[in-house]
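Below is one structure; the comments refer to it alone.
The values are calculated or read from the model by the stated rules, or taken from the named source; none is laboratory data. Values in this document were obtained by computation on a predicted structure and should not be read as measured data. Neighbour counts are summed over all protein chains in view; Cβ atoms, including those assigned to glycine, are modelled from backbone coordinates with ideal geometry. For accessibility, only protein heavy atoms count, side chains too; no ligands or nucleic acids. Shrake-Rupley method; radii C 1.70, N 1.55, O 1.52, S 1.80 Å.
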Amino acid sequence: MTYLLISLALLACSTLMLRPITGRSVANFVMATRAPQASSSFRISNPLLGLVFVSIVFLLSSPKWGLALVTAVLLHETGRYLGHRISGHDDALFRPFPFLPLTPSSQKAAATDGIDALINLMGASFSLAPMVLIHSLVPFAGEADTPAFKQLVAIGQTIAAYNFFMLLPLWPLAGGNIAKSVMQALAPKAVVPFLLATSAVTAAAGFALESGVAVLLWLSGGLVLVGIQPAPPTARPMTTKQALLVIACHVALLAAFFKGGSQLIIWLL
């Protein structure tokens with residue numbers, strides 16, 4: 001019941017934020033995805049790289065956790081793909097592998113910082129309902145030592161943990177891009193210093209906790225130092241009210257995914 005209530009609340013929040021942040025209603029987005037366009041067919045970005053990713057996952061982990069991680073990544077990337085499409089990016093490609101800063105889903109820049117934030121929130125937002133559904137099915141999967149029970153728990157926990165880490169305010173993760181858009185509205189000159197500060201805090205925490213995951217996240221943020229910079233801001237930054245709404249949705253999603261995957265998240269850290 002807790003997961004259901006959280007899911008409904010965040011669904012309502014995501015629906016309400018569409019117009020104030022992007023200037024377009026839910027109906028506009030639905031019509032945009034249904035509009036027939038010759039260049040809008042479903043296309044996959046680097047399918048060979050996706051196959052390599054899946055192969056490596058299953059080689060380095062058990063089938064249970066391999067399936068769980070692949071499911072989490074595909075759900076997240078489906079949400080990002082839909083975020084691009086409903087924002088009018090007809091050239092968007094579906095990526096069957098985790099986000100990489102050098103392989104964008106779309107070559108089109110977001111029209112506004114609000115739309116950019118929405119696209120980066122969509123991966124996690126799309127993953128929320130499957131996580132809630134899987135956690136709801138766990139009690140009906142039999143005894144705790146049955147394969148079905150263990151697989152459902154692994155998938156639910158992995159979806160939650162993957163999206164929690166992706167939402168952390170670390171560039172080039174989705175959370176870092178959301179933070180970039182928000183900071184552009186609240187403190188434009190502090191965008192890069194803020195991202196560097198979050199990377200530094202993550203590095204300190206990683207070494208203090210002896211956490212390989214935290215150190216890996218810190219290293220990804222270090223890409224800023226070697227010249228791979230966040231995308232430049234759009235000509236239309238968010239207003240302060242829009243930025244605060246994005247922050248509220250961002251924090252709510254982080255809390256929901258931490259609730260859904262706290263055991264795995266704590267174990268990884």
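For the residues ARG80, ARG236, ARG43, a 1.4 Å probe over the protein chains yields an accessible-area ranking, largest first, of ARG236, ARG43, ARG80.
HIS84 sits with roughly 20 Å² accessible to a 1.4 Å probe, with DNA, RNA and ligands left out of the calculation.
Could you size up the charge dipole of the range 49-110 around its Cα centre, putting +1 on the beta carbon of Lys and Arg and -1 on that of Asp and Glu, and report it in debye to the nearest 20?
100 debye
Pairs of Cα atoms nearer than 8 Å and 6+ residues apart set the relative contact order; for the range 143-214 it is 15 percent. Legend: residue pairs LYS189/LYS241; LYS189/LYS259; LYS64/LYS180; LYS108/LYS259, Cα-Cα distance threshold 26 Å; pairs beyond threshold, LYS189/LYS259; LYS64/LYS180; LYS108/LYS259. Solvent-accessible surface (1.4 Å probe) assigned to ASP145 amounts to roughly 110 Å².
Surface listing: VAL73, VAL251 arranged by accessible area from highest to lowest gives VAL251, VAL73, probe 1.4 Å.
Just the accessible area per residue of the range 112-209, please: how many Å² with a 1.4 Å probe?
37 Å²
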